[in-house]
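Peer 1: Got a structure for you, written out below as structure tokens; questions coming shortly.
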Amino acid sequence: MPDGLLLTETDAPYLAPEPTRGKRCDSRMISRVIEVLAEARGQTAELVERLTYQNGLDFYNIS
């Protein structure tokens, strides 16, 4: 997926990321989602965080 289309979410309440599997997933776990995504893409978590933040602003047309 191109960097400009990358977004993250935690709307699957019963699919929490490891090591929190079995707990209810919520937005407090987004940092773990970003860490795993960054590892899978061979990027830093900081870069993925910046990309997804900016893409969210763009998607929702927030200045």
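Here, each number is a calculation from the coordinates, and none is a lab measurement. On a predicted model such as this, the values are computed, not experimentally measured, just so you know. With ideal geometry, Cβ positions are generated from the backbone for all residues, glycine too; neighbour counts draw on all protein chains shown.
Peer 1: Of the labelled options (1) 1.04; (2) 0.99; (3) 0.93, which one gives Rg/Rh (Cα atoms, Kirkwood Rh) as computed for this structure?
Peer 2: (2)
Peer 1: DSSP loop (so not H, G, I, E, B), at most 13 other Cβ within 10 Å: list which chymotrypsin sites (Phe, Trp or Tyr not before Pro) in the chain pass both filters.
Peer 2: Values: sites: TYR14, TYR53, PHE59, TYR60; in loops: TYR14, TYR60.
Loop-located and lightly packed - TYR14, TYR60.
Peer 1: Here's a follow-up. Which net charge results for the neighbourhood of GLU46, defined as the other residues with beta-carbon distances under 14 angstrom from its beta-carbon, given Lys and Arg at +1 and Asp and Glu at -1?
Peer 2: With Lys, Arg at +1 and Asp, Glu at -1, the neighbours total -2.
Peer 1: Scan the chain and report its longest stretch carrying no trypsin sites (Lys or Arg not before Pro) that are both in a DSSP loop and have at most 14 other Cβ atoms within 10 Å.
Peer 2: 25-63
Peer 1: For the chain, run through the GluC sites (Glu not before Pro) and keep only the ones in DSSP coil with at most 14 other Cβ atoms within 10 Å of their Cβ.
Peer 2: GLU9
Peer 1: For the chain, what is the charge dipole size about the Cα centre, in debye to the nearest 20, if Lys and Arg each add +1 at the Cβ and Asp and Glu each add -1 at the Cβ?
Peer 2: 260 debye
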